[in-house]
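The next block holds one structure in the form of structure tokens; read it before the comments.
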Amino acid sequence: MKDSSETRSIFVTGLKNAHAMENQALSIMKPQVSRIENYPDVASRLEQHIRETEGQIARLEEILSSLSEDHSTLNMALSFTGSMAAMGHSIAGDEIIKNSLANFAFENFEIAAYKSLMTIAELGGFPGSVAALKANLDEEIAMAKWLDDNLRSVTIKFASLKEAGMSAKV
């Protein structure tokens, strides 16, 4: 399947979609982190993942540039959608829980996207792209694992704050 025009098209579309996906991730995480007060460990990890996501976007742009392609034009619409989703959770009494669940689901979506992109890169004869895609994948796996490992403690803290009559939202 080496570098057929159809495989290249699939790969470029996937890269552009991943670029838009990462921009959407930023538009979801940035409003979340700005609202967190009672969960400093969550805020710290989100801030770290925001920096990682910015690096992921740069890696995707480098791959697209190496293929003489521009990045996605979907970014504005997806960023708006991500911001609206984050704002929707902000009115919920259990915002931190909803955000934790949504973030875990989104991280797993990103993991699947990068696994698929790496497969297309290997099949399509784009081996120079695999290392950057693997770096992105590894960061997404680490974030998903952190969210998974910390869901119980976030839930316990939320319930404890609620029981104490304190603000448990964020």
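Each reported figure results from applying straightforward, stated rules to the coordinates on display, with no laboratory input. All values reported here derive from a predicted model rather than from experimental measurement. When we count neighbours, we look across all protein chains shown, and the Cβ atoms used for this are built from the backbone with ideal geometry, even at glycine.
Taking the simple approach of a point 7 Å from Cα along Cα-to-Cβ for both residue 153 and residue 66, what is their distance in nm?
Using points 7 Å along Cα→Cβ, the separation is 3.7 nm.
Treating only the Cβ atoms of Lys and Arg (+1) and Asp and Glu (-1) as charged, compute the dipole magnitude of the range 5-163 about its Cα centre; round to the nearest 20 debye.
Charge dipole, the range 5-163, about its Cα centre: 240 debye, nearest 20.
Starting from 0.36 nm per residue, how many nanometres of slack lie between residue 41 and residue 134 once their C-alpha separation is accounted for?
Result: 30.9 nm gained on full extension.
Report the number of Lys pairs in the range 5-163 whose alpha-carbons are under 23 Å apart, with separation of 8 or more residues or on distinct chains.
Lysine pairs meeting both conditions in the range 5-163 amount to 13.
Any chance you could run the full-extension gain for residue 161 through residue 50? It's 0.36 nm times the residue separation minus the Cα-Cα distance, nm to one decimal.
Result for the pair: 37.3 nm of gain on full extension.
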